[in-house]
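Just so you know, all these numbers are worked out from the coordinates, no wet-lab data involved. Note that the structure is a prediction, hence the values are computed from the model and not measured. Using ideal geometry, Cβ is built from the backbone for each residue, glycine included, and neighbour counts are taken over all protein chains shown.
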Amino acid sequence: MLEITEGKEGQVTVLGLKGRLDVGSSKTLGDRLLKVMEAETKLVLDLSELDYISSSGLQVLLLAAIRAKDSNRSIVLASMKPQVKQILDYAGFAGVFQLTASVEQAAGNP
Amino acid sequence: MSIRLRNDLAEIQRMHDAVTAFAGRCRLPEEVRLALDLSLEEVLVNVISYGFPDPGSHEIEVIIRVDGKRLTAEVQDDGLAFNPLEHPEPETAKPIDERPVGGLGIHLIRQLMERIEYHRRGEKNVLVMDKSWDRP
């Protein structure tokens, strides 16, 4: 199960992900990202309540990052738990996304 | 424990639930539970997505054993012969627009498990994965 919440940190839209980003939930996130990114130049994903990410979830994030780069937008991944950070590291995401320790930090950086 | 799954991606939720219950019963360390859960999802997504070109229903068996501080998970399916270990490693160091999306699943399993073996046994693919913990 994945729960997606939407909020603001200053002027920046923040999507909060809670639960599991797996083969069953990654399409839901992909569709949501497509919609939200149409309106935003910068998007923060708050991963503080995300417990699990599999390659299906990684692929959705990678596709979103490619789309963002092509249209001069940015996506920042913030506040992930150690077990999620480890998977992102295995996938080499540090070279693809800006990763920050907090949502405030993610929203503040240009 | 063992669980039989149909070749339907919706079955992966049932596997997650079974692994969570099993890990609780066996008091698996959290890191091992997560490695098991994630590795099995990656294997099953591959098998279910690519193993069965025919429209029929197939059964996939997952067997998990704990022996002391060693976990072994075995996945058996009667799909197309496929050795995931022959899959090339993804280029995770490449810039975003130069890397192919996909191929990350087996890469994650290699990072998370200690030993992975593939056998073609008769008409079946058998993938065996091991992980131990508390090693000096």
* **Relative contact order %, segment A:46-110, counting alpha carbon pairs below 8 Å whose residues are six or more apart** => 40
* To do: Over the residues of the protein assembly as shown, compute the C-alpha Rg and express it relative to 2.2 N^0.38 Å.
  => 1.05
* Please express the Cα-Cα pair-distance distribution P(r) of chain B as a list of whole percents, one per 10 Å bin, running from 0 to the bin with the greatest distance. => 11, 42, 33, 12, 1
* Taking the mean number of other Cβ atoms within 10 Å as a proxy for protection, how do you rank B:83-91, A:57-65, A:96-104 from highest to lowest? -> A:57-65, A:96-104, B:83-91
* Structure fact -> Here the tail fraction of P(r) beyond 25 Å, over all Cα-Cα pairs of chain A, rounds in percent to 8
* Asked: Of the residues A:LEU45, A:LEU77, A:LEU34, which exhibits the maximal mean-square fluctuation in a Gaussian network model of chain A defined by a 10 Å Cα contact cut-off?
  -> A:LEU34
* Please tell me the relative contact order of chain B in percent, rounded to the nearest whole number, where contacts are Cα pairs under 8 Å and at least six residues apart. => 26
* segment B:1-77: mean projected area of Cα convex hull, nm² -> 4.6
* Asked: Semi-axes of the equivalent ellipsoid of segment A:26-88: what are they in whole Å, largest first, if each equals the square root of 5 times a C-alpha gyration tensor eigenvalue?
  -> 20, 12, 10
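Of A:LYS18/A:LYS85; A:LYS27/A:LYS69; A:LYS35/A:LYS81; A:LYS8/A:LYS35; A:LYS81/B:LYS69; A:LYS18/B:LYS131, which sit over 23 Å apart, Cα to Cα?
As for pairs spanning more than 23 Å Cα to Cα, those are A:LYS35/A:LYS81; A:LYS81/B:LYS69; A:LYS18/B:LYS131.
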* Any idea how far apart B:LYS69 and A:GLU40 come out in nm if each label point goes 7 Å out from Cα toward Cβ? -> 4.3
